[in-house]
Structures are given as structure tokens and as C-alpha cells.
Amino acid sequence: MKAISARRLWALCLKESYQIVRDPSSILVAFVMPVLLLFVMGYAVNLDAAAVRVGLVVLDGGTAAQRFAQTLAASGAFEVHRGTSVGAFEDELAQGRLRGVVVIGNDFGLRLRRGDGGSAVQVLADGAEPNTANFVAAYVQGVWERFNATLAQDAGKAPVQPIAVELRSWFNPSTVSRNYLVPGSIAIVMTIIGALLTSLVVAREWERGTMEALLATPVTRAELLLSKILPYYALGLAAMLLCLLVSVAIMGVPFRGSVALLTAMTTLFLGCALGLGLFLSSVFRNQFNAAQAALIAAFLPSLMLSGVIYEISSMPRILQWITRFIPARYFASSLQTLFQAGDIGAVLGPDAFFLALLTLFWIGLTALKTKRTLD
């Protein structure tokens, strides 16, 4: 194996860097698209249930029923629309404009005096979205418990609940889903940058006829691969820094880890993404085909199987095994840990180990595929 010439490698990296600067699409993918995707994933995709539109039907004209209705409207979790019957809300439920209907029965006051007031409240939830239906039911239950405690306090009695439950959320005290989604979204963004951009570099050389000229030079296979990896690695680190600044300074996502560990995990992940992209670029000597293959092999798995949006433990067993080969799974886990919890070695260690294995696999496979011949 020939030794790597630092002079040739520098010249090749300089050539590739000029190509990046001259290609507006590279700048667009590396710096503009990440910011847009972060804002979309951070603000448009929201797992928090706030101001859920529900209908309210009060069939009891008593004071207790009206107080419960007022407590429900003042909870902040619902946008309440009052009606005279359930039938008046059927069309809105069917069209998705309402997520549920709360019905206060005509015997609410009577049941409340007998100590059975909760059973006089009926919740009709939109089962088309099971999570939202569960949120509606849980929030109504919470409003009922708060209302019941208030009644007991006004009457000078102890609340029905034997204990008081105080909720404390570790790592994400504000329980804002953006703090969880944005770090995971960065993993998806970095997948696009690493795999999509490098999937074009070798294919571009073949399409433009410059690969033949390169193969006619003394450039070794290692120098050729490194010249394609190092400039895009630097571009990936710059994109990661941009994502970090946007997440913390603009979107208000806390970052509790160290920049050094973030750089190390990003390096390992970029090794996987760049290796995959170069492998696809070597197999498909056409930029369009290579880009399509990168979207299918890198972007879609990172979006669907990384655990950012869909919980891995809820997937079928075979899909859970497939996720073990998705680099974005480990990178998303690392980013969420660094952002929300800090430098937790028990999480970052295994993630780094699997990312290192996947990096060796993809770069090794690319090195085997890359040959200094025209066939």
C-alpha cells in the first residue's frame, strides 16, 4: 500500500473545497436547510396538548355544574365551545374541528351530594387520534380532581383524595416537547448533510469526466477517499455548530453537555453518514440515482426508525432489531442526552461504540468498492 502524500491530499481537499464553494446547492443543504428543518420540527411538530378544542354540554342548571364548567374552561388545557346537546357537535367531531365533547349530566348536583359526582361527567373523545383522546380524558380527570378538592376546601372538609400528588419532571422540567424534538431533529438534519452531499461527489466526477483524469494521476485510493471525506466533514461540523447556536440562542432549547463530547459524537456520526454517502456515490455513478438512493437509505430510516418521532419500544420486534443498524438512532439518543441531561457516560458510551462500529463498516465498505480502474 502506497504512503499517503500530504501534498497530493492537500491539493485534492483544496479542489473539493472549491467545488463546495462554487456549488450553491451545497451551501443551501449545509446551512439553509438545517435552519428551516429545525424550525419546522421544533415548532410545527408539537407533542404538547394545549388549547385542545372540545365541546361542552351542561345538562344540569345547578350551581355545582356551572362551577365545574367554569373550572374546565379556566384550566388552560382546553378551548371550550358550549352547546345544548351532543348532536350539535357531531359534525365538528367528524370533521376534526373538535377533539372531544364533555357532557355534564342532568343529575350532576344530585350525584355530587351523594359523593358520586364524577360519574355524572361523560367524555366523548375523538378516537381517530388515540394520543389526543387520552390527553382529553386525562385532563378532564385532572380538572375533576381539582374541582373536587376545591369543593371540599370550601365545605371545610378534607379532600376526597387521601394523598396529594406532586409532579416533578427531571431533565425537561418545563415538559416542552420542543426540548426533546429539536436535538433529535438535528440528527436527521446531519444525516441529510452527510449522506446526501457525499452521495453526489464521486458520481459528479464520473458524470463530468474528471474521474478518468484523477485515475491517470498517482493519487492513491486512500488519498481519493480522504479528499472526499475531509472537506465535507468540516462542512458537517460547521452545520452542527449552526444547529447548536440556533437551538440554544433562538429556540431556547437548553444544552447541558460539553461541546467536546458533542464534537466527538458528531465526528463518529459523520463518519457513518459520509461513508454511506460515498458508498452510494461509488455504486450509482449518476447524481440523480445516488441522491434518490441516499434519501431512501439514509433520510427515511433516520426519520422513521431513529426513535425521534416514533417510540422504538412500541415498534414490532423485527423493526426494533433493524433500528440497531440506523446510525441516527444512536446519534439522536446522544444529542437528547447532551441537551437535556448532560454528559451521561452510561448513555453516551454505548452510543459511541455502535457509531464507531458503523463508521468502520461504511468507510471500509466504501474503500473496498473504490478501485483505481474505469470498470
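Rule-based calculations on the coordinates, nothing more; no lab input. From a predicted model like this one, the values you see are computed outputs, not experimental measurements. Positions of Cβ are generated from backbone atoms using ideal geometry, with glycine treated the same way; all protein chains shown enter the neighbour counts.
For the reader, a short list of remarks on this structure follows.
- Calculated from backbone phi, Karplus (6.51, -1.76, 1.60) coupling profile of the range 183-198 in Hz, x at Gly/Pro: x, x, 5, 4, 4, 5, 4, 5, 5, 4, 4, x, 7, 5, 5, 6
- Relative contact order, whole percent, for the range 279-375 stands at 28, derived from Cα pairs under 8 Å and 6 or more residues apart.
- Scalar couplings 3J(HN,Hα) for the range 60-70, obtained by applying the Karplus form with A = 6.51, B = -1.76, C = 1.60 to θ = phi - 60°, are 10, x, x, 5, 4, 5, 5, 5, 5, 4, 5 Hz; x denotes Gly and Pro.
- Positive-end residue, the range 268-375 charge dipole about Cα centroid, Cβ charges, pick of 280, 298, 342: 280
- Amide H to amide H, with H built 1.01 Å from N, residue 100 comes under 5 Å of 55, 126, counting only residues 5 or more places away or on other chains.
- Packing here is the average count of other Cβ atoms within 10 Å per residue, and on that basis the peptides 100-113, 77-90, highest first, run 100-113, 77-90.
- Here the 3J(HN,Hα) profile of the range 3-19, calculated from phi with Karplus coefficients 6.51, -1.76 and 1.60 at θ = phi - 60°, is 6, 7, 8, 4, 5, 5, 4, 5, 5, 5, 5, 5, 4, 5, 5, 4, 5 Hz, Gly and Pro shown as x.
- Distant-in-sequence amide H partners of residue 79 (H built 1.01 Å from N, under 5 Å): 52, 53, 54
- Sequence ranges 226-239, 253-266, ranked by mean other-Cβ count within 10 angstrom, highest first: 226-239, 253-266
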